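For reference, the structure is listed below as structure tokens.
Every number in this text was worked out from the coordinates using simple rules, so none of it is lab data. All values reported here derive from a predicted model rather than from experimental measurement. A quick note on method: Cβ atoms are made from the backbone with ideal geometry, for glycine too, and the neighbour counts reach across all protein chains shown.
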Amino acid sequence: MTQAAWIIPLLPLAAFALITAAGPRLPGRGAYVSIAGIVLAGIGGLVVLGEVIGGAHADVTYTWAVLGAKPITVGFVVDPLSAIMLAMVGVVASLITIYSVGYMAGDPHYPRFFAYLSLFQFSMLFLVLADNFLFIYAGWELVGLCSYLLIGFWFERPAAARAALKAFITTRVGDFSMMIGILIIFLYTGSLRFDEAFRSIQGGALAGPLLTAAAVLVFGGAIGKSAQVPLHVWLPDAMEGPTPVSALIHAATMVAAGVYLVARTYPLFLLSPNHAALTIVAYIGGITALVAATMGVVEDDIKRVLAYSTISQLGYMMLGLGVLGYTAGMFHLITHAFFKALLFLGAGSVIHGVATNNIKQMGGLAQVMPWTAWTFIAATLALTGIPPFAGFFSKDQVLAAAFAHDRVLWALGAAGAFLTSLYMGRLIWYTFAGTYRGGDPGAARAHGAGHAPGPHESPAVMVVPLAILAVFAVFLGWAGAESLGNPFGRFIHFAGVEPVPPNFGLLVVSIAIAVAGWAAAAAIYVWRIVPSESLRRAMPWAYTLLVRRYFVDDLYAWVFIGLGGLVVRLAGLFDRYVVDGLVNLVGWLARQVGLGLRYIQTGREETYLLLVFLGVVVIVVARLVW
Amino acid sequence: MSGLLSLVLWIPSAGAAVLLAVPRGQVRTIRLVALVTTIADFLASVWAAGSFDFARAGTLQLTEQVRWIPSLGATYHLAVDGLSLPLVVLTTLLTVLCVIYSWRVDLRPKAYMILFLLLETGMLGVFVALDFFLFYVFWEVSLIPMYFIIGIWGGPRRAYAAIKFFLYTLVGSLAMLLGILIVYFHSSPRTFDMVALFQQKPLAGDLHLAILAFWGFFLGFAIKVPMFPFHTWLPDAHVEAPTAGSVLLAAILLKLGTYGFVRIALPLLPAAFHALAGMVAVLAVIGVVYGALVAMAQTDLKKLVAYSSVNHMGYVMLGVAAAAAAGGRPALQNAAAIALNGATMQMLAHGVITGALFFLVGVIYDYRAHTRGVNDFGGLWERLPVYTGLMMLAMLASLGLPGLMGFVAEFSIFLGAYQIYPALTIVALTGVVITVAFFLWTIYRIFWGPLNSRWAGLPDLDGREAWTLAPLAVLMIAVGLYPAPVVGAINAAMLGILNLVR
């Protein structure tokens, strides 16, 4: 199976082609085809993972094209890193696709949704298997396209259409940087394949500040895709897409592709002098982890809270990679994929039940939707790093690596961890505790007909995937537990980058911080010792700053839409009146000269004779004068 | 001596001659004759491709050489290689599609079809001629039918656009003629034969004269491409031309210019081109960025696509200029080959993609909405799913999405050009971001959002329109996914040309 791993992405691709061609006529209106494609791919991924754990390895290459005298070879690589990603994407995507059958029921464009999901799964699996910059860039763009199509799935809603546009263009800015990085690497190493390029960089083909620049430029692509500061603005808006899409693309898989890219091209960063490139990765990650968490505290839309949480958690992964915690960063990627997918699907189940996204119109849902509530709470405990849930193990590894490397980075991460507990506690209490505050009858019509009035638990096709994901969210962390010998760390590690030894004191501090965040949330939202209203009154500027997302969106709107629009309009006017004006001026001059010369060419002999006579006079006078 | 290229070249003219004999009233017969002629010509070109030895795509094949005007040294010399053969097939294919699309043209259909057939011979002649005399004749022949097509079947300002198009490109042609004559009068023995002149390089010893001759060729080709700042005839011509005219104009006629740079300017005047490559590259990059910015400012969909052509042809010229700059520097030969491959690939990709885009603009304008204002639409996806799908496919291909034809071309251009002009290539890359922005913004304004109730009754594509677009859509995807065969042929030809550059 390992040698034939390239077949895995083709399964969802075949599903996509089939649904596009035959759509509504297929069983389950295409949904079953899509599920078959991804479930088979997921099984393939698990088999490959098993084989790779057993020591298998594959690198299949072929010639893409011969340009000049030199063939450009590309191919697929199956190693521990791609195997774990294959398995993770396959499993998470399978569960989300099954869940979508329930969530999307009744949508007029139902087959189209599954076609897009399949196309996305193909692109993501293709990206994961790439052994070269060409394929990873191609997969990168294709997942971006699918994200664009799925954010704008309800294209008739202006907000969704705008969000799709924003996501594609923002990530393209990152891709622009990534492309320059790829060009530099190709220029100096002459290869697009990772192993060849890194080998010649090791040999000194590319070194010094230029290597750092190349690494940082490649990282630029990851900043866009993984929504790191300062290109994070698209991800919260991307929540306009259907919730399974948010779970699959904007939480579990695609956004993690940026982290995967850094891990895949790790030698590039590691070889940069003084780890300069890694330091940049770490600081971008640390800042993102904290800044995104602060914005999550004031958000009322359940999905957007989770979006900020995603940005923040991606920051932790980057932070982990940046502080030489290669294993920690990747481990957090894997655990996060499961519990964040679960959180989003749970949020989708809630939205399905109450037909609103606003947590202030929810409340008391633990009674009416117990499955959703308890799985969601399990995932929240994982996210906030409460032992022994999955996120505790992975986040603690990241923080431990940061502590060993740079205390400032640790402080950023620790502050983010406190805020994570705070905003998730707030979310849990608003949503599941207390009494139901909703009941706006108009809202029920917002997402489809045929629902019973009032909140209700979701159908089994949605709840079962939640339960399966919850098992992962609860138990997956043990894969990285030191007490069990850290099997994940033995499988995924980077030669020459050793994980830091466990630090028991730090572990206690981490747990204390997480619990403190929960306690703060309880103090504000449950016991109301310091109610949120009084906090808001006490610090109006802070509240405004957070609600307006540090004015970054406003700044970009002003610069790119305002200033950019002005440049565009000026270019249009310049072209019309200056460039084309000159052309028409030349034409006009030619015409005027012609009109002027017409008076000489009258066709009357007396005029010509007069001219001849005047000419003679001029010649004679000239002769006499000189 | 096979005669196959002559067959490809003259079938359209023979069809035009037959059409002369068909009475004006028999519209159906006229259309059928035109269709049969163009299909026959397409099949002939496919036959030619079948007889072409792709293993030797770098050498000129299917050669026909007949004495023509011995006193001048002009011969009837035709041949194709991996550069011209794909362009020939693209030309014959697109002409078939134009005839299919133009089925409903009711205004003077006989003259219309005759002009298209003559235009086809003119365009094919430029690609297969290897004698300057013959080349120049076809170059001019391709101009005149287009003048009438715009002038008679065009939009409200057709007279202005047609005259501007004609005069502007004619000025370029005359400059090119001067260039040809300079080369001719310095050759010995005197000959118009391109292959002989590439070997002779009559101006190799005199750089100043070579640069003078280059300026002549440059003006001729650059106006045709069109390069910034010679591009302003293009939006006017496109906006006024009938749909099929726009398609051929964008897909084929613009390629005459870039083809001229690759086929003639590079091997004939390598030193002069090398000396001026920086200027050409700068103009190319200005065309990329500026074309994209101005495209964004347009509210007329046809004009927007026209300016996107300025942008895309800029990439082609960046690749060609990079190859010219690499002349004489052995270390850069591979980069030059990559860039030149990309440039030629981009000619084909732009032909297919922009051809499709102009058809698509015609579909909505000619027989449906009768407006091209980007802001007049909204939410058409709901109403026209197939049309929307094709338009999005073509626009995504145009903005260089991997897996589609345009990406292969742009990626190769950047990969090659970056090694020669790193800074300019980075500037050109910003053009890609702007291109993404304006195409997506256009998609957003036309197809997304709530349906504009004005268009609630629009029908989706009909069979004929689907047939026009299907081959182009298939090409975009097929070549995008598996470019190796096309790239293989082009690569051999590019290596052959770079060998001549030395």
Next item on the list: Fewest Cβ neighbours within 10 Å first, please rank A:Y62, A:Y525 accordingly.
Entry: A:Y62, A:Y525
Next item on the list: Calculate the mean, over all residues of peptide B:436-442, of how many other protein chain Cβ atoms lie within 10 angstrom of the residue's Cβ.
Entry: 4
Notebook entry, point to check: Treating the beta-carbon of each Lys and Arg as +1 and of each Asp and Glu as -1, no other charges, what is the dipole magnitude of chain A about its Cα centre, to the nearest 20 debye?
Noted result: 1020
Check: Across segment B:223-232, in residue order, what do the Karplus-derived ³J(HN,Hα) couplings come to in whole Hz, using 6.51 cos²θ - 1.76 cosθ + 1.60 with θ = phi - 60° and x for Gly and Pro?
Finding: 5, 6, 4, x, 8, 4, x, 9, 9, 6
Notebook entry, point to check: So, by mean Cβ neighbours within 10 angstrom, what's the order for B:370-381, B:241-252, A:538-549 with the highest one leading?
Noted result: B:241-252, B:370-381, A:538-549
Notebook entry, point to check: Given charges of +1 on the Cβ of Lys and Arg and -1 on the Cβ of Asp and Glu, with all other atoms neutral, how large is the dipole of segment B:255-391 about its Cα centre, in debye to the nearest 20?
Noted result: 200
Margin query: Just to be sure I follow the rule: in the protein assembly as shown, considering lysines 8 or more places apart or on different chains, how many pairs have Cα atoms under 15 Å apart?
Written below: 6
Margin query: Could you list A:I182, A:I284, B:I426 so that the one with the fewest beta carbons within 10 Å of its beta carbon is first and the one with the most is last?
Written below: B:I426, A:I284, A:I182
Next item on the list: Once every Cα of the protein assembly as shown carries one equal point scatterer and solvent is ignored, give the base-10 log of I(q)/I(0) from the Debye formula at q = 0.06 Å⁻¹, two decimals.
Entry: -0.52
Item checked: Segments A:173-179, A:432-438, B:211-217, A:555-561 sorted - mean Cβ within 10 Å per residue, highest first -> A:173-179, B:211-217, A:432-438, A:555-561
Item checked: Under-5 Å amide H pairs with B:W68, H placed in peptide plane, nonlocal only -> B:Y76
Checklist line | Contour excess over end-to-end distance, with Cα ends at A:R437 and A:V497 and 0.36 nm allotted per residue | finding: 16.4 nm
Next item on the list: Would you mind computing, in nm to one decimal, how far apart the modelled labels at B:A111 and B:N499 are, each placed 7 Å from Cα along Cα→Cβ?
Entry: 4.9
Next item on the list: For a label point 7 Å from the Cα of A:V586 along Cα→C-beta, name the residues of segment B:125-149 whose backbone N is under 14 Å from it.
Entry: none
Next item on the list: Can you pull the one-decimal nm distance between simple spin-label points at A:A516 and A:L545, each 7 Å off the Cα toward Cβ?
Entry: 2.0
Next item on the list: Express the relative contact order of segment B:20-152 as a whole percentage, based on alpha carbon pairs under 8 Å and six or more residues apart in sequence.
Entry: 27
Next item on the list: Using a 10 Å cut-off on Cβ to Cβ distances, tally the other chain neighbours for every residue of B:413-424 and report the average as a whole number.
Entry: 3
Item checked: Helix axis angle, A:407-432 relative to chain A longest principal axis, alpha carbon, degrees -> 70
Notebook entry, point to check: Taking Cα pairs under 8 Å and at least six residues apart, what relative contact order does segment B:4-87 come out at, in percent?
Noted result: 27
Checklist line | Residues of segment A:5-21 with amide N under 14 Å of the 7 Å Cα→Cβ point at A:Y62 | finding: A:5-8, A:10
Checklist line | Between 0 and 90°, nearest 10: helix B:463-481 axis offset from chain B longest Cα axis | finding: 50
Next item on the list: Mind sorting B:R368, B:R104 by how few other Cβ atoms lie within 10 Å of their own Cβ, fewest first?
Entry: B:R104, B:R368
Notebook entry, point to check: Which net charge results when you count Lys and Arg as +1 and Asp and Glu as -1 among the other residues whose beta-carbon is under 13 Å from that of B:L62?
Noted result: -2
Next item on the list: From the P(r) of segment A:218-328, can you give the percent of Cα pairs sitting at distances over 19 Å?
Entry: 38
Checklist line | Residue mean of other protein chain beta carbons inside 10 Å, B:290-297 | finding: 6
Next item on the list: Considering Cα pairs under 8 angstrom that are at least six residues apart, work out the relative contact order of chain A and quote it in whole percent.
Entry: 11
Item checked: Net charge of neighbours whose Cβ lies under 11 Å from the Cβ of A:A307, counting Lys and Arg as +1 and Asp and Glu as -1 -> -1
Margin query: Order B:339-349, B:405-415, A:376-386 from most to least packed using the mean count of other Cβ atoms within 10 Å.
Written below: B:339-349, B:405-415, A:376-386
Item checked: At most 11 other Cβ within 10 Å, DSSP loop - chymotrypsin sites (Phe, Trp or Tyr not before Pro), segment A:580-620 -> A:Y599
Notebook entry, point to check: Simple spin-label model, 7 Å along Cα-to-Cβ: A:F613 to A:F574 in nm?
Noted result: 5.7
Item checked: Helix axis angle, B:143-153 relative to chain B longest principal axis, alpha carbon, degrees -> 10
Note to self: Let me check the size of segment B:330-384 from its C-alpha atoms; what are the radius of gyration and Dmax in Å?
What the structure shows: 18.8, 57
Margin query: Report D for chain A in µm² per second (integer): Stokes-Einstein, Kirkwood Rh on Cα pairs, 25 °C, 0.890 mPa s.
Written below: 93
Next item on the list: Treat every Asp and Glu Cβ in the protein assembly as shown as -1 and every Lys and Arg Cβ as +1, leave all other atoms uncharged, and give the resulting dipole magnitude about the Cα centre to the nearest 20 debye.
Entry: 1600
